Amino acid sequence: MKRKIFVLLVMLFTVPLFAASEITLKPCLDNVKVFLNGAELTHSAKVKIDKGVTDIVLSGLAGGIDRNSLNVAAKGDAVILSVVQRFDYLRSPEKTPQIKALEDSLEYLIKKVDLSKNEIDVLNIEMELLLANKKIGSDQKNVTVAELQSMAEFFRKRLNDIKTQQLILSTDIKKLQKEIDRINKQLAELNNKANQPVNELIVTVSAKNSTTLELSASYIIYNCGWHPVYDLRVDKIDSPAKLSYKANVWQNSSLNWDDVNIILSTRNPNQNNNKPELYPWFIDFERYAVYKDRMGAMEKSVAAAPLQLQAIVSEAETMADYISVDQKQLSVEFEPSLKYSIPSDGKPHTVSIQDHTIKASYEYYAAPKLDNNAFLVTNLTGWSEFNLLPGQANIYFENSYVGESYINPFTSKDTLTISLGRDQNISVAREVLKDFTEDKFLSSDIERIFAYEIKIKNNKNMPVKILVEEQVPISKNEDIEVKVIDISDGKYFEKDGKVKWIIEVGPEKSISKKFVYSIRYPKDKVIQNL
C-alpha cells in the first residue's frame, strides 16, 4: 500500500480529547537551535498504533514552552486530529546523575554516623560494666596495697581510653553531620528544580489500519540563549592578530541537552518584528506634538543588519574547524559537526565558533594629561568583513593575559583599536612651563596662558613610534575665546579640540614638545572645568 503523509494544522486545547487508547513515550531530542535569547528544540519518536483513535503522549519535554511555537508533524498512514499541552504533577521525574551521586554520598555518610553511634553505645556499656564492678575486696579477704594500685591503674587507663574514643567518635559524627546537612541542602535545591511538573504533549491521531508513525515535534523556549566572547592573541608586534570567536551557551529548561546537534543562530525570536511606522508630526507655535511612545517602539523594532560571517582555516586544528556557517536571509547560523552536551544548570558552557587572522598594525599611545605611561595598542583592520557581534574580549600578548576589552562592531570605525598594556620602558611627562604660563589682565577681560612641555623618553634598545594626544578646551560661548599658540608641529583638530603628534623616538633617546594655548574671557565671569 502506498504510504501517505498527513500533516494537519496543530490545534491547542486546554483539556485532552477522548481517545480509545493512550501510548506514553519519551521522544529523543535530536536538534537544538540556540538563539541569542531562546532556543528551538526538535524531538522525534517512532511508535506503532492500532486502528482507530489513539492519544500519543510525548513526555519529558523542556519547561517554559511557547505554545504559539508548537509544530507537530507525522509521517505515516494516519491523521493528526489535535495537539494538547498538559502538565503531569504525579509522574516522578528522572533523577539526574548529580542527584544520584549526592544520594549515594548521603547514604554512605549516614551509614558512617550510625556505625560511630554504635561504637559509642558499646563504649558506654563497657564503662557502666566497669563502674558496676569497681569493688575489688570482700569481707573475708583484704586487698593488698599492690593489688589496689594495680586495679586503680587499670580503671584509670581503661576509662581514659573509653572517654578518648568517645570524644573522637563524637567529633567525627559532628563533622559527618555538617557534611550531611550540606548535601541535604544541595539535594533540596536540586530536587526543587527537578520536582517540577512533567511537560507533555498529547498528540491525538486517527488511523484506518495499524501502522507505524514517525513523529516530529518542535517548539521554542526562552530560558536559554548564547552570547559571543572573544580571545584576541598577539604573539609579536610584527605578526597579525588572531581572534577566536566563541559562544557561551546556557540553558535552564529542566531538560539536559545530552549529546545533541546544536546550532547557534544570531536570530532573536523574542524581538519585536513589526516594521517601524512613521506617524504625522504636527508642529505649531509654542508647542509641538510627537508620538514619543510610538517613536520609542520604532527604535526598539529596528533590526540589525544581516551578518556576513566567513570562515577561514586556522593554522592548528581547533573546534572551530568543525563549524559550518550558513548565511540565512536575516541571520547567520553556526552548525558544529560534533555533538554537544549542555546541562540544565544555568551556567555558561563555551563552544568554539571560528578562528580569524586579522591584519594588525602596532603603535604606542600616550595621553600625558591623564597618565604618565605609554600603552602599546594594536589597530585591527579588515575585521568588518566578519561582521562580529558585540561581546567581551580577553586580550593576550606574548602568551600572557593582559586584561579584558569590549568589541562593539556596531559602533566602531574602520579601525578597531585595542590596548595591549603599559610599557614601563617608555616614560611620558607633562610639566608646566612657568616662564610662559601667566594671567594677563586687560581692560574688561582676562587672558590666561597655559604652557606645558611634553617629554617622551625611550629606554628601549630599539626605536619606537608613539602617538601622543593632548587637548585644547572648546568654547561654547562667544565671550570665551580659545587660541592655540604653539603645538610644536603637532596637528590640531578643531572639531574635538585634540592635538596629536606622531613621534619617532630612537633607542635611549628623548624628545620634547611644547604645548601652549590661551583662554580669554570677561574678568567678572568664572569658567567651569578650567
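The values are calculated or read from the model by the stated rules, or taken from the named source; none is laboratory data. Not measured: the values here are computed from a predicted model. Neighbour counts are summed over all protein chains in view; Cβ atoms, including those assigned to glycine, are modelled from backbone coordinates with ideal geometry.
Apart from one condition, residue 229 fits all of (1) out of contact with any Ser or Thr (no Cβ under 9 Å at 6 or more places or on another chain); (2) part of a strand (DSSP E or B); (3) surrounded by fewer than 22 Cβ atoms within 10 Å (Cβ to Cβ); the exception is (1). The number of residues in segment 377-393 being part of a strand (DSSP E or B) and either under 22 Å from residue 226 (Cα atoms) or in contact with a Lys or Arg (Cβ under 8 Å, 6 or more places away or on another chain) (or both) comes to 5. Among the residues of segment 40-84, the one identified as part of a loop (DSSP other than H, G, I, E, B), among the hydrophobic types (A, V, I, L, M, F, W, C) and closer than 30 Å to residue 267 by Cα is 62.
Applying the criterion of being of a type in the set (D, E, K, R) and assigned to a loop (DSSP other than H, G, I, E, B) to the residues of segment 418-463, the residue that is nearest to residue 394 (Cα to Cα) is 460. The residue list 474, 466 contains one member that is in a strand (DSSP E or B), within 23 Å of residue 366 (Cβ to Cβ) and not hydroxyl-bearing (Ser, Thr, Tyr), which is 466. The condition of being more than 27 Å from the chain's Cα centre (by Cα) and modelled with pLDDT under 85 holds for only one of 363, 315, that being 315. For the structure I just gave you, tell me whether residue 502 is of a type in the set (A, V, I, L, M) and more than 19 Å from residue 374 (Cα to Cα). Judged against the criteria, residue 502 is not a match.
Rundown of residues vs (1) surrounded by 12 or more Cβ atoms within 10 Å (Cβ to Cβ); (2) among the aromatic types (Phe, Trp, Tyr); (3) more than 39 Å from the chain's Cα centre (by Cα); (4) modelled with pLDDT under 90, yes/no style:
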residue	(1), (2), (3), (4)
173	yes, no, yes, no
179	yes, no, no, no
187	yes, no, no, yes
194	yes, no, no, yes
199	yes, no, no, yes
206	yes, no, yes, no
214	yes, no, no, no
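Just wondering, is there one or more residues in segment 433-445 that are over 26 Å from residue 523 (Cα atoms), surrounded by 14 or more Cβ atoms within 10 Å (Cβ to Cβ) and in contact (Cβ under 8 Å) with a residue 40 or more places away in the chain? No; the residues of segment 433-445 include none that is over 26 Å from residue 523 (Cα atoms), surrounded by 14 or more Cβ atoms within 10 Å (Cβ to Cβ) and in contact (Cβ under 8 Å) with a residue 40 or more places away in the chain.
Taking the listed residues 36, 25, 90, 41, the one that is out of contact with any Phe, Trp or Tyr (no Cβ under 9 Å at 6 or more places or on another chain) and at pLDDT 90 or above is 25, with no other qualifying.
Can you find a residue that is over 28 Å from the mean Cα position of the chain (by Cα), under 27 Å from residue 456 (Cα atoms) and not basic (Lys, Arg) anywhere in segment 393-409? Checked against the condition, which is being over 28 Å from the mean Cα position of the chain (by Cα), under 27 Å from residue 456 (Cα atoms) and not basic (Lys, Arg), segment 393-409 yields no hits at all. Taking (1) charged (D, E, K, R); (2) over 18 Å from residue 467 (Cα atoms); (3) in a strand (DSSP E or B); (4) under 45 Å from the mean Cα position of the chain (by Cα) in turn, residue 520 satisfies each apart from (4).
With respect to the conditions (1) over 22 Å from residue 426 (Cα atoms); (2) at pLDDT 90 or above; (3) loosely packed, with under 15 Cβ neighbours inside 10 Å, residue 369 lacks only one, and its number is (1). Listed conditions (1) modelled with pLDDT of 90 or more; (2) buried (at least 18 other Cβ atoms within 10 Å of the Cβ); (3) more than 22 Å from residue 342 (Cα to Cα) are all met by residue 19, apart from (1). Checking each residue in segment 220-243 for being farther than 12 Å from residue 393 by Cβ, of a type in the set (A, V, I, L, M, F, W, C) and within 14 Å of the chain's Cα centre (by Cα) picks out 224, 226. Annotation note: Cβ proximity below 7 Å between a residue of segment 347-361 that is touching a residue at least 24 places away in the same chain (Cβ under 8 Å) and a residue that is outside any strand (DSSP E or B) and polar (S, T, N, Q) (sequence gap 6+ or interchain) occurs for 352/318; 355/314; 355/318.
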